[in-house]
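Please read the structure below before turning to the comments.
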Amino acid sequence: MKKANVSSTGGRFELKEQPIPEPGRGCVRVKVQACGVCHSDALTKDGIFPGIVFPRSPGHEIAGTVDELGPGTDPWKIGDRVGVGWHGGHCGQCDSCRRGDFITCIKLQIPGISYDGGYSEYVCVPVEALAHIPDGMRAEDAAPLMCAGITTFNALRHSGAKPGDLVAIQGIGGLGHLGVQFATKFGFETVAIGRAADTKELAMKLGAHSYIDAGTQDVSKELTALGGARVILATAPDGKAMGSLIDGLGVNGKLILIGATTEPFALSSLQLLTARKSLQGWPSGTSKESEDTLKFAAARGVRPMIETFPLDRVADAYEHMISGKVRFRSVLKM
């Protein structure tokens, strides 16, 4: 089989022929049909994630079919269409796991970090990482939903917002273009916040009810004029931009951060106290929650905007993603 490896921190992708792996107990082998190229794959390529062992094949937005079963993998069957996302397995023993909160497992396994991921023609994964892909959904559309999709879907459905509430999506990129679609399908009064000249037209096409240009308008003032947001989903990894959103929340409003950045931002307690505002981060979700995302997306017509690349162009797919040449999602198609 062909697999794209990174052999050292910051190393180049090396496409090699390797033996097809055999699944162990509690694992299945997946024949990969598509794998999304996520910004978090830089954690592998640049050796940022603690304890990563090289060589490693990145990729945690996997879509394919079950190709081989290891012992103890009922009720999965060969031929099942499956997706694998950030949640690639859990220990079952830590406090989080004992409470059923598997995504915060202290020994969380992540495809492409803990074990080889989807930049490959085959991958072996634990059964608890598998999500069913609905009939009729293309593998290349399902793959980005296993990370970008579930992250936006899960954050919004657990946000406390109700149909009719004002919900703003900051950043109309790889996460945000899905956030706008999910927010409108949930019945929220959806406000898109962007900067690019052509973003407004796209946001409205995706279903947004109104648009705020962060480059020319005061976002907080515009949201306040609309009554204040019940929820703002911050998808763009820009600390300064995130911090400026707090004043656009209404009473009991919540700013949810899903765009990852190490950049700090200033926030005073007074901004939160007077109107009971809150700040929350939201990690991806479990395989079952990925399955919920896929089912909802299939039923409501939510789809990622993608550009596909063959596996032998993995370096191009990654470079397009990391540089922003692909505005939304790069997907490797096997």
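In degrees between 0 and 90, to the nearest 10, how far off the longest principal axis of the chain does helix 176-185 point, with axes built from Cα atoms?
Long axis of 176-185 versus the principal axis of the chain: about 70 degrees.
What whole-number distance in Å separates the alpha-carbon centres of segment 1-38 and segment 259-288?
35
Taking neighbour counts of Cβ atoms within 10 Å as a proxy for exposure, in what order, fewest first, do S323, S210 appear? Walk me through the numbers on the way to the answer.
On the way: S323 8, S210 17.
Neighbour counts put them in this order, fewest first: S323, S210.
How do I113, I62 line up, fewest other C-beta atoms within 10 Å first? Don't skip to the answer; put the middle values down first.
Values: I113 25, I62 33.
In increasing order of surrounding Cβ atoms, one gets I113, I62.
Can you pull out the trypsin sites (Lys or Arg not before Pro) in segment 7-94 whose DSSP state is coil and whose Cβ has at most 15 other Cβ atoms within 10 Å? Could the numbers behind the result be given before it?
Details: sites: R12, K16, R25, R29, K31, K45, R56, K77, R81; in loops: R12, R25, K77.
Here the trypsin sites (Lys or Arg not before Pro) that fit, given the DSSP loop and packing criteria, are R12, R25, K77.
Taking the chain as the reference, fit the longest principal axis to its C-alpha atoms, fit the long axis of helix 287-300 to the helix C-alpha atoms, and give the angle between the two in degrees, 0 to 90, nearest 10.
On a 0 to 90 degree scale, this one is about 60.
With runs of 4+ DSSP H residues as the only contributors, calculate the mean residue ellipticity of the chain at 222 nm using -39,500 (n - 2.57) per run, divided by the residue total and rounded to the nearest 500. The partial results should precede the final answer.
On the way: 11 runs with 81 residues, N = 334.
Value at 222 nm, helices only: -6000 deg cm²/dmol.
Kirkwood Rh, Cα Rg: Rg to Rh for the chain?
Details: Rg = 19.9 Å, Rh = 20.3 Å.
Value, to two decimals: 0.98.
What does the extension gain come out to for C91 and Q18, with contour length at 0.36 nm per residue minus their alpha carbon separation?
Details: separation 73, 0.36 × 73 = 26.28 nm, distance 2.85 nm.
Extra length from C91 to Q18 when fully extended: 23.4 nm.
Going by C-beta contacts inside 10 Å, put M146, M305, M321 in order with the fewest on the left. List each step's numbers first, then the result.
On the way: M146 34, M305 17, M321 23.
Ascending number of Cβ neighbours within 10 Å: M305, M321, M146.
Computed over the Cα atoms of segment 30-188, what is the ratio Rg over Rh, Rh following Kirkwood? Write down the numbers at each step before the final one.
Details: Rg = 16.4 Å, Rh = 16.7 Å.
That ratio equals 0.98.
Helix 314-323 sits at what angle to the longest principal axis of the chain, using alpha carbons and giving 0 to 90 degrees rounded to 10?
10
Among all the lysines, which ones have a C-alpha under 17 Å from K277's C-alpha, if same-chain residues fewer than 8 places away are not counted?
Hits, sequence-local ones excluded: K162, K221, K254.
In Å, what Kirkwood hydrodynamic radius results for segment 159-281 from the alpha-carbon pair distances?
Numbers: mean 1/r = 0.0714 Å⁻¹.
For segment 159-281, inverting the mean 1/r across all distinct Cα pairs yields 14.0 Å.
FYI, it's all coordinate maths here, none of it is from the lab. Please read these numbers as outputs of a predicted model, since none were measured by experiment. Counting neighbours? That spans all protein chains shown, and the Cβs are built from the backbone with ideal geometry, glycine included.
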